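Here the structure comes first, spelled out in structure tokens, and everything after it is commentary.
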Amino acid sequence: MNRNPCPVTRSYLDECAAEGRDGLRGVVDHLRFPPHFTAAFDGRVLGRPLFVEETAIRGVADRLMRFHDLIVSLPGRLHGGDVFAYGEALGLDRRSVEIVRRNGLVPPIPYGRADLHRDGDSWRLLEFNIGADLGGMERTGDIPRALMDVPRFREFAEKHRLTYPDIGASIARMLTRCAESVSAAGTPVVVMLESNGRVAQYRKYMLPFQEYMRGKGIDLRLAEVGELSSPGGKIHLDGTPVDVILRYVSVDQILADPGVAAAMEPVFRAHEEGRTVQLTPICTDLHGNKGILPMLHDPRFRAALAEDELTLVDGMLPWTRSMAEGTVEVDGDVVDLIDYCRAHRKELILKPNNDARGGGIVAGWETSDGDWRRALTECDRRRFLVQRKAPAQPEPVQDAETGEVRDWLATWGVYLTDEGYAGTYIRALSESAGSAVVGWDALPQLTAVFSYPA
């Protein structure tokens, strides 16, 4: 158990214990969400929110903004600016790189989510999702709003001066600014664009975001790329001009389906011609590739980083290396990477460069020696990385029904927009679940983060 929780957490647990389920302990029983949020996430809200000092989370977000700027600058700084060599280092073939650079590599508007583990004052970066394929924004906004609608929690929040950013308003302002040069109306039409067949597959999880953004005044529509048309060069959906596209169509989907590739071409041209803007241009598939992270610990590339950038990387990113490397330097010694991984199984985690929702991850400390050896030898080494374990501090939560206090392990999803810090949400698993990988397949509990003044 976390023996030294922050003062707000201590106060919350003390008041839960004193009041029972009819008081603060049972607040989650009274949460009310919009219909599509309820359909997607009913029963998935953790027994309490998490709390963090305002200056601490703002400081982390400021460092993440600098990390974002570093990442998007790397294609022009490494491999002599050769984007094909850069892509090859990430495990991408030439066709993938051709698509990625289709609209150029101009640094995109900051829009991303960094996943971190917190251990006291230490924050360790697990991955940085930039641009396309972001999720969780509605959870970041709807959960704290629902909590504040419960009088007993609002009383606690006012007592401790708790606040949270309005991520929906931040995203709405960003979308409106993006549309200023292309929109004929005051309210932009925004399309959340998926590959063919995927809206039906993921509609349950897309509708809460549409519901959330419409509540912020954004006309957000769901579409598959095959439903679009482009009369006069501007993208249209069902006859309506589209101003901004939130692209969820990936490079892999474009490569796999000639129909998707053909349908995306007008989207790329409309962006180039300034007719319909992609908030998440295709180059973000390059910047969001996890294979970037090993480069930041690779001596061949660290020479290109300034001293303050090295300090930033070493202060946030656990030791991370590409499985494509034959030998690596560890604590001054040059060692065979596979041998090192086998010998340090309990300290390491294997991840694919370009998968989502926790897919393909193998945590050495949760795996037998035999399974770990097989994972190391059978993975496509050009497309996998290995990373040192980043501990997560236990978060005590009192069960509303039994009153038992149990520890949960949390992954912090910190969102950034062009305005900076936009909010945080939590995915958490009970420590007793036996897994430290808080992926979606594990059905984590979700909650909000509130900050308190120093």
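The values are calculated or read from the model by the stated rules, or taken from the named source; none is laboratory data. Please read these numbers as outputs of a predicted model, since none were measured by experiment. Ideal geometry is used to build each Cβ from the backbone, glycine not excepted, and the neighbour counts take in all protein chains shown. Surface accessibility is based on the protein's heavy atoms, side chains included, excluding ligands, DNA and RNA. Shrake-Rupley method; radii C 1.70, N 1.55, O 1.52, S 1.80 Å.
Over all other residues within a Cβ to Cβ distance under 14 Å of L222, the charged ones net out to -1, with Lys and Arg as +1 and Asp and Glu as -1. Rounded to the nearest 20 debye, the dipole size of the chain about its Cα centre is 380 debye, using +1 on the Cβ of Lys and Arg and -1 on the Cβ of Asp and Glu.
Seen from E272, the other residues with C-beta closer than 11 Å to its C-beta sum to a net charge of +1, counting Lys and Arg as +1 and Asp and Glu as -1. Would you mind classifying the stretch 282-398 by shape? Square roots of the alpha carbon gyration tensor eigenvalues, ordered a ≥ b ≥ c; an a/c under 1.5 is rounded, otherwise it is prolate if a/b is larger than b/c and oblate if not. Since a/c stays below 1.5, the shape of the stretch 282-398 is classed as rounded. Remind me, relative contact order of the chain in percent, using alpha carbon pairs under 8 angstrom and six or more residues apart? For the chain, the relative contact order is 25 percent. Annotation: R302 carries an accessible surface of approximately 50 Å², with a 1.4 Å probe and no ligand, DNA or RNA atoms counted. When E54, E431 are compared by accessible surface with a 1.4 Å probe, the order from highest to lowest is E431, E54.
Ranked from the most accessible area to the least, with a 1.4 Å probe and all protein chains present, what is the order of K234, K216?
I get K216, K234, largest accessible area first.
Tally Lys/Arg at +1 and Asp/Glu at -1 over every other residue whose Cβ is under 13 Å from the Cβ of L255; what's the total? Let's see the in-between values first.
Details: positive: R94, R95, R102; negative: D93, E98, D252, D257, D285.
It works out to a net charge of -2.
log10 I(q)/I(0), Debye, Cα-only the stretch 17-99, no solvent, q = 0.20 Å⁻¹? Each listed q corresponds, in turn, to -0.94. Dipole of the stretch 149-275 computed with +1 at Lys/Arg Cβ and -1 at Asp/Glu Cβ about the Cα centre; of A262, A172, V182, farthest Cα towards the positive end is A172. Taken about its Cα centre, the stretch 330-431 carries a charge dipole of about 480 debye when Lys and Arg each add +1 at the Cβ and Asp and Glu each add -1 at the Cβ.
Under the criterion of Cα pairs below 8 Å and six or more residues apart, the relative contact order for the stretch 31-168 equals 19 percent. In the stretch 126-242, Cα pairs under 8 Å separated by at least six residues give a relative contact order of 23 percent.
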